[in-house]
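Below: the structure, in structure tokens.
The values are calculated or read from the model by the stated rules, or taken from the named source; none is laboratory data. Predicted, not measured: the structure shown is a model, and the values here were computed from it. Cβ: placed from backbone, ideal geometry, glycine included. Neighbour counts: every protein chain shown.
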Amino acid sequence: MAAGHDRPFTRAFAAWFATVADLHSVMVIEPCVDRDAVDIKFLTGGGALQGYAHAAGISISALWEGECWDFLHDRDVVADVGPGGWFCTLCPADDRSHFPSIKALWVDHLFRPLQDWITIQLISAKVIGFYGGDGITWAKLLADDQVYDPPDNSVHLAQSKASL
């Protein structure tokens, strides 16, 4: 993206992130150089979690040895505007919320769900379990090291839990 181009999503995400201090000990954000998007770096898991946010969605991937095994959080939005304001075309027409701005839509459909996922699921997890078989891979956040279905591989998330 050439210098001087507007980056409304990047600005909206950065403004929202500045207001959620409880996430600053969990992740850092870095605006993408060539597009209106944000890379999300997690401060736990030694690089096994990686995120990407843009105007159409947020995805958090679980990586085993640098390869994506699964998306632990994945939200999409297809924004449109009508007489009632901004809305997501993925939501059922008879149950759509309308928002005064696209930023308000992004906060509701992308930013807050990411915050909820981090505070409810990621922060309580101690391990990312990586599973695989028959050409299929998946990952999940695990509450403790002793699990009923032990993963094939795992990454511990505990390096900075005391500060959370």
Q) When Leu114 is evaluated against the numbered criteria (1) over 17 Å from Val26 (Cβ atoms); (2) in a helix (DSSP H, G or I); (3) in contact (Cβ under 8 Å) with a residue 40 or more places away in the chain; (4) not polar (S, T, N, Q), which criterion, by number, is the only one it fails? A) (1)
Q. Looking only at strands (runs of 3 or more DSSP E) that fall completely inside the stretch 1-102, which ones have 1 or more residues that are in contact with a Pro (Cβ under 7 Å, 6 or more places away or on another chain) and within 30 Å of Gly132 (Cβ to Cβ)?
A. 37-42, 67-76
Q.
Being farther than 14 Å from Leu114 by Cβ, touching a helix residue (DSSP H, G or I) at 6+ places or on another chain (Cβ under 6 Å) and of a type outside the set (Val, Ile, Thr) is true for just one of Ala79, Ala12, Ala62. Which residue is that?
A. Ala79
Q: Considering only the stretch 43-66, state which residues are touching a residue at least 40 places away in the same chain (Cβ under 8 Å) and farther than 21 Å from Asp108 by Cβ.
A: Leu43, Thr44, Gly45, Gly46, Ala48, Leu49, Ala62, Trp64
Q) Out of all the residues in the stretch 6-26, which are touching a strand residue (DSSP E or B) at 6+ places or on another chain (Cβ under 9 Å) and crowded, with 19+ Cβ neighbours inside 10 Å? A) Phe9, Thr10, Phe13, Phe17, Val26
(Q) I need the full set of residues from the stretch 97-136 which are of a type outside the set (A, V, I, L, M, F, W, C), at pLDDT 95 or above and over 16 Å from the mean Cα position of the chain (by Cα), in order please. (A) Ser97, His98, Pro100, Ser101, Lys103
